[in-house]
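Asker: Please read through the structure below; I'll follow up with questions.
Bear in mind that the values in this text are calculations on the coordinates, not laboratory data. As the structure is a computational prediction, the values presented were derived from the model and not from experiment. Heads up, the Cβs are rebuilt from the backbone with ideal geometry, glycines too, and the neighbour counts pull from every protein chain shown.
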Amino acid sequence: MTKTLALVNGKIITMEPVNPQSDAVLIEDGVIVAVGGSGEIARRCQRLGGEVVELGDKVVVPGLHDCHVHMMGTGLNALGIDMYDCASIQDVLDKVQEADRAYPETKWVFGKRLDESRLKEGRPPTAAELDAVSPKHPVYIIDRGWHYTLVNTRAFGLFGLTADTPGVRADAEGRPNGRLHDEANATAKMAFFERQDAAQREAAFRYTAGAAAKKGVTTLHAQEGGALFADSDIPILTGITDALPVRVVLYWATEDHEKVLAAGLRQWGGDILLDGSIGSRTAAFPDPYADDPSTSGYLLYEDEKVRGFILTALKNGLQVAFHAIGQLAVKQALDGLEAALRICPVQDHRIRIEHFGFPTRADVERAARLGAVISTQPSFTFLRGGPGTVYNQRLGDARERAGYPLRRFLDAGITVGGGSDSDVTPIDPLLGMHAAVNPPYPENAVTPREALAMFTVEAAKTAFEEKVKGSIKPGKYGDVTVLSKDPTAVAPDEIREIKAVMTIKGGEIVCRERSEG
């Protein structure tokens with residue numbers, strides 16, 4: 001029997017240039033079949049025995065997207081000890097010691113979301129300090145941005161690391177200090193998360209999907225596998241995707257494109273890391289960090305390797321995506337794209353750059369000219385930018401102010417999708433829209449409608465899905481989100497207060513606020 005759902009007598013923002021607003025939408029068998037007058041659509045739905053939802057003062061928008069989520073990391077992080085509110089090394093050690101005393105001997109002490117910029121000492125604890133408070137258990141703590149991890153001596157040994165492993169940081173005497181970057185970080189992450197059994201990993205994916213649906217999200221762009229976590233996660237996710245309350249576009253962060261082709265995927269990468277993060281001072285810049293002149297960050301690949309990734313993608317009909325935050329990483333991605341296109345000119349490749357945090361003006365224009373698309377996170381600067389913030393301290397006034405210039409991206413004509421990088425920032429498109437409209441520096445702001453587009457129709461374009469998602473139009477998937485208010489009509493500083501009251505995937509209500517019945 002065909003499932004039918006009608007949403008009537010409300011405000012429907014279609015995000016279509018023709019018929020941009022209506023008052024009713026009809027979904028049959030998972031697909032939008034009509035947008036128009038409430039009376040006729042309600043009658044048609046009733047004839048088919050479907051459900052008619054009276055919207056009242058609610059507003060319907062296309063199903064919201066989050067263009068950059070770590071589903072496994074977000075789900076497993078729900079199990080960890082939250083370190084984000086720690087204000088000192090002692091606060092961190094107190095939490096570790098409490099767990100060490102309470103846990104059975106076989107359990108690891110797992111901490112999440114550590115932000116060293118919030119610690120008064122300006123550094124995280126060392127392995128020796130962790131050893132002193134956790135003599136019985138291995139300790140594994142992840143940085144808020146996943147760009148480095150901390151381990152105690154016991155965990156270091158269990159991971160099979162040595163002082164010579166690339167990315168192992170050392171103290172003044174040359175001994176490992178417990179801080180792991182790059183290869184050592186990737187090795188530790190994969191080893192740690194591979195210790196979680198298949199049931200735990202499936203639960204992590206389901207947790208993230210459910211959390212997203214509660215925020216009105218109908219599509220996640222998931223950055224999984226590879227050096228981020230483990231390639232063994234991929235079959236677990238693909239095996240349950242159809243049963244999740246959200247649709248998933250998988251970006252497999254492996255270096256091996258053959259795996260992607262064999263899996264029948266079009267998207268590749270997502271978090272192939274060209275550099276690191278601002279918080280860990282590993283995002284790559286030509287000039288040193290303002291609060292640590294000894295470093296300017298660094299690139300993780302040679303230029304030729306990046307060009308090779310892109311050329312491989314172009315030749316195989318794949319969309320490859322790279323993490324690039326610092327100016328040099330953005331430049332490297334665009335240099336590689338420009339060189340690869342000279343060899344293999346593809347008109348609509350949509351090679352994707354994640355974050356695109358601190359480009360030069362010239363590279364913004366170059367990205368537009370080359371046809372790159374951007375997946376970025378407005379909440380980054382909203383939550384961590386502005387005078388006196390960690391971004392400002394790390395980069396200095398002028399460089400920090402020029403970061404994540406959304407207005408410049410859109411004016412250049414670049415397709416820009418919005419996301420969270422969860423759980424670096426929360427899965428919450430309304431927060432993302434609010435952040436895009438109300439950034440720390442007004443010259444970087446976009447309009448409310450542009451912000452809504454970043455999380456709907458433009459987000460769909462970043463994954464080649466605009467024919468089936470991103471707007472409310474007959475023939476597209478029946479994915480819509482019902483909001484408590486219109487984000488394009490409220491005062492700009494009230495957007496983040498809007499609630500998702502109903503999430504509809506393929507015409508099925510997968511999440512509904514209790515107040516809605």
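Asker: Using helices alone, I'd like the mean residue ellipticity at 222 nm for the chain: each DSSP H run of four-plus residues gives -39500 (n - 2.57), total over residue count, nearest 500. Mind dumping the intermediate values first?
Answerer: Details: 19 runs with 172 residues, N = 517.
Rounded to the nearest 500, it is -9500 deg cm²/dmol.
Asker: What shape does segment 289-359 take by its C-alpha gyration tensor, where a ≥ b ≥ c are the square roots of the eigenvalues and a/c under 1.5 counts as rounded, a/b above b/c as prolate, and the rest as oblate?
Answerer: The shape class here is prolate.
Asker: Roughly how tilted is helix 38-47, in degrees to the nearest 10 and between 0 and 90, from the longest Cα axis of the chain?
Answerer: 90
Asker: If a paramagnetic tag sat 7 Å from the Cα of residue 232 along the Cα-Cβ line, which residues of segment 67-99 would have the backbone N under 19 Å from that point?
Answerer: Backbone N within reach: 71-77.
Asker: Residue by residue, what Karplus-based ³J(HN,Hα) values in Hz, rounded to whole numbers, does segment 258-275 have, using 6.51, -1.76 and 1.60 with θ = phi - 60° and x for Gly and Pro?
Answerer: Once rounded to whole Hz, the list reads 5, 4, 5, 5, 4, 7, x, 9, 9, 8, 9, x, x, 10, 6, 7, 7, 8.
Asker: Relative contact order for the chain: what is it in percent, counting Cα pairs under 8 Å that are at least 6 residues apart?
Answerer: In percent, rounded to a whole number, it is 17.
Asker: Calculate how steeply helix 303-316 sits against the longest principal axis of the alpha-carbon atoms of the chain, using the helix alpha-carbon long axis, and give the answer as 0 to 90 degrees to the nearest 10.
Answerer: So the helix axis and the longest Cα principal axis differ by about 30 degrees.
Asker: Still on this structure, please answer the following. Given H placed 1.01 Å from N in the peptide plane, which residues other than close sequence neighbours of residue 478 have an amide H under 5 Å from its amide H?
Answerer: Result for residue 478 returns 31, 32, 506, 507.
Asker: Using mean Cβ contacts within 10 Å as the protection proxy, how do 311-319, 169-177 order, highest first? Before the final figure, lay out the partial values.
Answerer: Numbers: 311-319: 18.0, 169-177: 12.8.
Packing order, densest peptide first, comes out as 311-319, 169-177.
Asker: Can you compute the label reach from residue 508? Point 7 Å from Cα along the Cβ direction, backbone N cut-off under 14 Å, restricted to segment 30-69.
Answerer: 30-31
Asker: Further, regarding this structure: What is the Rg over Rh value, at two decimals, for segment 254-446, using alpha-carbon atoms and the Kirkwood definition of Rh? Walk me through the numbers before you get to the answer.
Answerer: Numbers: Rg = 16.2 Å, Rh = 16.8 Å.
Ratio of gyration radius to Kirkwood radius for segment 254-446: 0.96.
Asker: Just grab the label-to-label distance for residue 491 and residue 82, each label 7 Å out from Cα along the Cβ direction, in nm (one decimal).
Answerer: 2.8
Asker: Okay, next question. Starting from the amide H of residue 111, placed 1.01 Å from N in the peptide plane, find each other amide H under 5 Å away whose residue is 5 or more places distant or on another chain.
Answerer: Residues meeting the criterion, in which the H sits 1.01 Å from N, are 81, 140, 141, 142.
Asker: I want to check the label-to-label distance for residue 412 and residue 360. Put each point 7 Å from Cα in the C-beta direction and report it in nm to one decimal.
Answerer: Modelled inter-label distance: 1.2 nm.
Asker: Determine ³J(HN,Hα), in whole Hz, for all residues of segment 331-345 in sequence, where each value follows from phi through the Karplus function 6.51 cos²θ - 1.76 cosθ + 1.60 and θ = phi - 60°; x replaces Gly and Pro.
Answerer: My calculation for segment 331-345 gives 4, 4, 4, 6, 4, x, 5, 4, 5, 5, 5, 5, 7, 9, x Hz in order.
Asker: Set the Förster radius R0 to 25 Å, insert the Cβ-Cβ distance between residue 90 and residue 397 as r into 1/(1 + (r/R0)^6), and round the FRET efficiency to 0.05.
Answerer: E between residue 90 and residue 397, to the nearest 0.05, is 0.20.
Asker: List 67, 86 from most exposed to least, where exposure is judged by having the fewest other Cβ atoms within 10 Å.
Answerer: Arranged by neighbour count, lowest to highest, 67, 86 become 86, 67.
Asker: Additional query: To test your reading of the geometry: what angle, between 0 and 90 degrees and rounded to tens, separates the Cα axis of helix 182-193 from the longest principal axis of the chain?
Answerer: For 182-193 against the chain, the angle is about 70 degrees.
Asker: Want the number for residue 29 to residue 447: 0.36 nm per residue separation, take away the alpha-carbon distance, what's left? Kindly include the intermediate steps, with their values, before the conclusion.
Answerer: Details: separation 418, 0.36 × 418 = 150.48 nm, distance 3.46 nm.
Taking residue 29 through residue 447 to full extension adds about 147.0 nm, to one decimal.
Asker: How big is the gap, in Å, between the Cα center of segment 217-237 and the Cα center of segment 408-458?
Answerer: Using only Cα atoms to place each centre, the spacing works out to 23 Å.
Asker: Another one. Hey, can you grab everything whose amide H is under 5 Å from the amide H of residue 470? Only 5+ residues off in sequence or another chain; H modelled, so Pro and N-termini drop out.
Answerer: 63
Asker: Order by neighbour count: 150, 370, 5, fewest other Cβ atoms within 10 Å first, most last.
Answerer: Fewest-to-most ranking of 150, 370, 5: 370, 5, 150.
Asker: Quick one: Karplus J couplings for segment 292-297, per residue in order, coefficients 6.51, -1.76, 1.60, θ = phi - 60°, nearest Hz, x for Gly and Pro?
Answerer: My calculation for segment 292-297 gives 7, x, 6, 9, 10, x Hz in order.
Asker: If each residue's Cβ is checked for other Cβ atoms within 10 Å, how do 14, 106, 447 rank with the fewest at the top?
Answerer: 106, 447, 14
Asker: Can you figure out the FRET efficiency of residue 262 with residue 195, using R₀ = 30 Å and their beta-carbon distance, to the nearest 0.05?
Answerer: E(calc), rounded to 0.05, equals 0.70.
Asker: Leaving out same-chain residues fewer than 8 places away, which lysines sit with a Cα under 23 Å from that of residue 107?
Answerer: Result set, ordered by chain and number: 95, 136, 189.
Asker: Moving on. Which GluC sites (Glu not before Pro) in segment 94-141 sit in a loop by DSSP (not H, G, I, E or B) and have at most 14 other Cβ atoms within 10 Å of their own Cβ?
Answerer: Filter output for segment 94-141: 105, 121.
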